[in-house]
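Reading through the structure tokens given below for one structure.
The values are calculated or read from the model by the stated rules, or taken from the named source; none is laboratory data. Computed from a predicted model, the values in this text were never measured in an experiment. Don't worry about glycine lacking a Cβ; one is built from the backbone with ideal geometry, like all the others, and counts go over all protein chains shown.
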Amino acid sequence: MKDLSRRDFVKLAGATAVGAALSPLGSLGKAAAQAPVVGSTDMSGATGAGSRAKVYFTKHIDAKHLIKLYQLVNEGIYGKVAIKLHTGEKNGPNILPRDMVRAFQAQVPDSTIVETNTLYPGDRYTTAGHRETLQVNGWTFCPVDILDEEGDVNLPVRGGKHLKEVAMGGHIINYDSMIVLTHFKGHAMGGFGGSMKNIAIGCASGQHGKKQVHGYTGAEMPPPGNVWFDGSVPLQDEFMELMAESAKATIDYFGKHITFLNVMRRMSVDCDCAGTRAAEPTIPDIGIAASTDLLAIDQACMDMVYASQKNHDLVERIESRHGLRQLSYMKELRMGNPQYELISIE
């Protein structure tokens, strides 16, 4: 019945497919509450008015703890499961460890890694090139579904001020649930890439949806090398808003059947789409966070970045791109709760 209603959700929008002990985090919670982040409210160990989302955290970055966190936030995951992962350009030094992801995926029945092709020319620009890159990077232990291999499906954006719908990879409607497994790091345009960015850009189809999310208005691609900053796309705040609206289409589609895991390791200022050109990380690894709340998990990770040592390079990238607008606009769109309780596990 739920499966039918979800397909009806797409049809009604005019969509067409083409083609265990827990404890508060103590002193970190106090430091995080002081981080200069838009809408930041760390509620760890506190009492007060208003609801708060649960964000689970571990400092241990390994398969055992990733699986343990997932088991705390997987109540809505059922049926055919999409694991949204950024698989990276060839030989990228910062992508999530294959062994860790392989062990995790083996614990999720009927699961498939999902990706989409890129808008920019590169290793994942075409389906054929993308599949070759998956082989090079070792994503060979389970099926990988390139969602836009056979076209798009338009998902509605409810309440957005820029977009009414977004073209997602058409295969997305073949899944009942989604796990958003994200390498939390910087991003050239977005300032940072968390769970929101992973689905906002990562689920959008390469040649249609990603143009919408980047706000590109030209008929042709911009020339190589200008990295989009050519005046034909909106910068900073509007780009953050476009990403949030795209992500909202995906979380509205899956409803309660989506959950989020952010892995805060090798947090370069550059995205994994930079491949071997990515800057060497300067901020220490922090850990893994998990939540069923999209805003809460990205907010909590941002607060931990601000509370961390040697964070200057990543914070400069975030603030120079107005990346905190991702969080404040998600709050405006009611995409989650900025108040959260941070709960550590060992």
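Test His130 against the criterion of being touching a Leu at 6+ places or on another chain (Cβ under 8 Å), modelled with pLDDT of 95 or more and not in a loop (DSSP other than H, G, I, E, B), and give yes or no.
Judged against the criteria, His130 is not a match.
If I ask for residues that are surrounded by fewer than 20 Cβ atoms within 10 Å (Cβ to Cβ) and among the aromatic types (Phe, Trp, Tyr), which ones from segment 46-103 would you list?
Tyr78, the sole residue that qualifies.
Check segment 214-228 and report whether any residue there is modelled with pLDDT of 55 or more, within 23 Å of the chain's Cα centre (by Cα) and surrounded by 19 or more Cβ atoms within 10 Å (Cβ to Cβ).
Looking through segment 214-228, at least one residue is modelled with pLDDT of 55 or more, within 23 Å of the chain's Cα centre (by Cα) and surrounded by 19 or more Cβ atoms within 10 Å (Cβ to Cβ).
Considering only segment 1-116, give the helices (runs of 4 or more DSSP H) lying wholly within it that have at least 2 residues that are touching a Lys or Arg at 6+ places or on another chain (Cβ under 9 Å) and at pLDDT 95 or above.
63-72
Leu333 - would you say it is within 18 Å of Lys185 (Cβ to Cβ), at pLDDT 95 or above, surrounded by fewer than 23 Cβ atoms within 10 Å (Cβ to Cβ) and among the aliphatic types (A, V, I, L, M)?
In short, no.
Which residue is farthest from Ala278 (Cα to Cα), if the candidates are limited to segment 73-93 and must be touching a His at 6+ places or on another chain (Cβ under 7 Å) and of a type outside the set (Phe, Trp, Tyr)?
Ranking the qualifying residues of segment 73-93, first place goes to Gly76.
Within segment 305-318, is even one residue buried (at least 24 other Cβ atoms within 10 Å of the Cβ) and more than 21 Å from Pro97 (Cβ to Cβ)?
no
Could you list all residues from segment 189-213 that are under 14 Å from Glu245 (Cβ atoms), in a loop (DSSP other than H, G, I, E, B) and at pLDDT 95 or above?
Ile201, Cys203
If His322 meets every condition in (1) modelled with pLDDT of 95 or more; (2) touching a helix residue (DSSP H, G or I) at 6+ places or on another chain (Cβ under 7 Å); (3) surrounded by fewer than 22 Cβ atoms within 10 Å (Cβ to Cβ) apart from one, which number is that one?
Only one criterion is unmet by His322, namely (1).
Contact list please: Cβ distance under 6 Å, first residue in segment 152-177 and of a type in the set (Lys, Arg) and surrounded by fewer than 20 Cβ atoms within 10 Å (Cβ to Cβ), second residue at pLDDT below 95 and not in a loop (DSSP other than H, G, I, E, B), pairs at least six apart or on different chains.
Every condition considered, no pair remains.
Which condition does Thr116 not pass, out of (1) polar (S, T, N, Q); (2) touching a Cys at 6+ places or on another chain (Cβ under 8 Å); (3) surrounded by fewer than 20 Cβ atoms within 10 Å (Cβ to Cβ), if it passes all the others?
(3)
Which of (1) part of a loop (DSSP other than H, G, I, E, B); (2) closer than 30 Å to Tyr306 by Cα does Met178 not meet, given it meets every other one?
Met178 satisfies all of (1) part of a loop (DSSP other than H, G, I, E, B); (2) closer than 30 Å to Tyr306 by Cα except (1).
Checking Gly193 against (1) touching a Cys at 6+ places or on another chain (Cβ under 7 Å); (2) over 23 Å from Phe104 (Cβ atoms); (3) not charged (D, E, K, R), only one condition comes out false. Which one?
(2)
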